[in-house]
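The numbers here are math on the coordinates, done by the rules we state, and not lab data. Keep in mind that this is a model prediction, so the values were computed, not measured. Please note: Cβ atoms are built from the backbone with ideal geometry, for glycine as well, and neighbour counts cover all protein chains shown.
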Amino acid sequence: MVNSYVDRYLGSGDNLSLARSIYAEMSKFPIISPHGHVEANMILENKNFTDPVSLLITPDHYILRMLRSQGISYDDLVVNSPEANFQLLADNWRLFRSTPSRIWFQEILATLFGISEILNSQNAKKIYELIAEHLAKPDFKPQALFKKFNIEVLATTDTTSDPLTSHIELAKLDLGGRIIPTFRPDDVSDPSWADWKSNLAKLEQSHGVEIKSFANLLTALRKARDHFKSCGATATDHGVLSARTLKLSPKDCEALFADVLSAAASPKAIEDFRAVMLYEHAVMASQDGLVMQLHPGSLRNYDAQILAKYGPDKGFDIPIQTTYVKELQPLLNELGSHPNFRLVIFTLDESTYSRELAPLAGAYSSIRLGPPWWFLDSLNGLERWREAITETAGYYNTVGFIDDTRAFCSIPVRHDVARRFDSSYLAREVIRGRITENEAIELAADLAYNLSKEFFNL
């Protein structure tokens, strides 16, 4: 049996009673999810999920990559029936012991479907059928689940030229909360993308601006940002390889743009253009107030063969060493104290937490630290993060929790696990004599709700 105990992840011993009180306070608040990848159209269409695999396995690259690491081919997940795929997961469930995937998956089974058994080869068929039975019910449609999850705000991630039709229609519905877009301009900011020029063409068509110059590009981007804002967006999102920023004169920007448009653009020119674009996106953020989310450091689609055969998001995005201090200096020298500029930084390189990110956030009014993200979203990762940054940046230079998920049903689970961890951590800080019990209760509300709501303008 699993997840049957109410005090899971709250710790034990002297801090348990206090952790319970803190968790009770955190649990009062609805979910704010300011960074995620659930498809808005899925919620708008409001169709019953077809099967447990499409709900729980297919969108979860954490699960896919672990299976692949043990030699299980993606072909098995493509050609097999959903029942066979679920059985395949169950037969290999031992691989996930002590991983966050195990915690999230079993929490979903327990809290959403009332299944407290640990998945295994023998009970896979029974569990599959129980989940499938639930999924056929009206109260398991996406809109009903959205209300059930008590989500106040759910931010999606959307490409530059997205017309946001689904968001416009969703805004007309009474869902008990909001679903808002997030502007993700990576597709037109990085000339190394294979479809970069076609993405520029889409931007042209979407906003009626012929992009023959760098100035035209900025005009089109401003129009796109305005459209996102009109549909409820409060933030942008930048998944760049490096945090490097570069400020150039308008004349030099035009020359660089002409260079990267040519077939003979050098790797340096492409790198410089990415850095210029990151700087210019920050300038636009200071003008229109959209919160800039920056998360460099993932070498996307690392395996070329996997990408060619199966496409992106199959678990082959690999973290790389990433630094920030020198890279962000041109941007921060210009905008770091700008009253209208807000920057949230996530990282996959833990070595930068205490050395670079916490000192930057502890100095610049514009910067907040995003929580442990992606590979680091785990109980141990959360603890390492708090220990690394709190003494330098404090609590109020962070922005609460993000789930960063494509798996819809994992949203409430991930937020609950994070709240349980924070409750345990704050209780320990009280026992250590670093904060008072009253301060811990006040922090519970801030970490669970207030920090995200305030900084993301939600």
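Odds and ends about this structure:
- Compared with the alpha-carbon gap, the fully stretched path from Arg94 to Arg300 is longer by 71.4 nm at 0.36 nm per residue.
- Reach of Lys125 by Cα under 16 Å, taken over aspartates and glutamates that are not fewer than 8 positions away in the same chain: Asp51, Glu83, Asp91, Glu117, Glu133
- Residue order, fewest to most beta carbons within 10 Å, for His207, His281: His207, His281
- By the beta-carbon count within 10 Å of each Cβ, the least crowded to most crowded order of Thr390, Thr99, fewest first, is Thr99, Thr390.
- Dipole check for the chain: with +1 at the C-beta of Lys and Arg, -1 at the C-beta of Asp and Glu, and the Cα centre as origin, the magnitude is about 180 Debye.
- For the chain, calculated [θ]222 nm from helices alone, where every DSSP H run of n ≥ 4 adds -39500 (n - 2.57): -14500 deg cm²/dmol
- The stretch 68-196: Cα Rg divided by the 2.2 N^0.38 Å rule of thumb: 1.37
- Hits among aspartates and glutamates - C-alpha to C-alpha of Lys147 under 15 Å, sequence gap 8 or more where chains match: Asp139, Asp174
- Separation of the alpha carbons by more than 27 angstrom is noted, of Lys28/Lys141; Lys141/Lys197; Lys148/Lys453; Lys326/Lys453, for Lys141/Lys197; Lys326/Lys453.
- Measuring nothing but how far apart in sequence close Cα pairs (under 8 Å, 6+ apart) lie, relative to its length, the chain scores a relative contact order of 21 percent.
- According to the calculation over all Cα-Cα pairs in the stretch 302-398, the P(r) per 5 Å bin from zero is 2, 13, 20, 20, 16, 11, 9, 6, 3, 0 %.
- Projecting label points 7 angstrom from Cα along Cα→Cβ for Ser73 and Thr50 puts them 2.2 nm apart.
- From phi via Karplus (6.51, -1.76, 1.60), per-residue ³J(HN,Hα) for the stretch 106-111 in Hz, x at Gly/Pro: 5, 5, 4, 4, 6, 7
- For Val291, the residues whose modelled amide H falls within less than 5 Å of its own, excluding neighbours fewer than 5 places apart on the same chain, are Ala235, Thr236.
- Largest-first principal axis extents of the Cα set of the stretch 159-235 (Å): 43, 22, 19
- Phi to ³J(HN,Hα) by Karplus 6.51 cos²θ - 1.76 cosθ + 1.60 over the stretch 32-48, Hz, x for Gly, Pro: 10, 10, x, 8, x, 9, 5, 7, 4, 5, 4, 6, 5, 5, 6, 8, 4
- Both the radius of gyration and Dmax for the stretch 48-139 are 12.4, 38 Å, in that order, over alpha-carbon atoms.
- Rounded to the nearest Hz, the phi-derived 3J(HN,Hα) couplings of the stretch 260-271 under the Karplus curve 6.51 cos²θ - 1.76 cosθ + 1.60 (θ = phi - 60°) are 6, 6, 6, 6, 9, 4, 7, x, 5, 4, 5, 5, where x marks glycine and proline.
- Principal axes of the stretch 254-340: Cα extent on each, largest first, Å: 46, 31, 25
- Distance histogram for the stretch 94-146 (every C-alpha pair counted, 5 angstrom bins, percent rounded to whole numbers): 4, 18, 25, 25, 16, 9, 3
- The stretch 48-139: relative contact order in percent, alpha carbon pairs under 8 Å with at least 6 residues between: 39
- Ordering Thr160, Thr347 by the number of other Cβ atoms within 10 Å of each residue's own Cβ, fewest first, gives Thr160, Thr347.
- Relative contact order, percent, the stretch 218-283 [alpha-carbon distance under 8 Å, six or more residues apart]: 36
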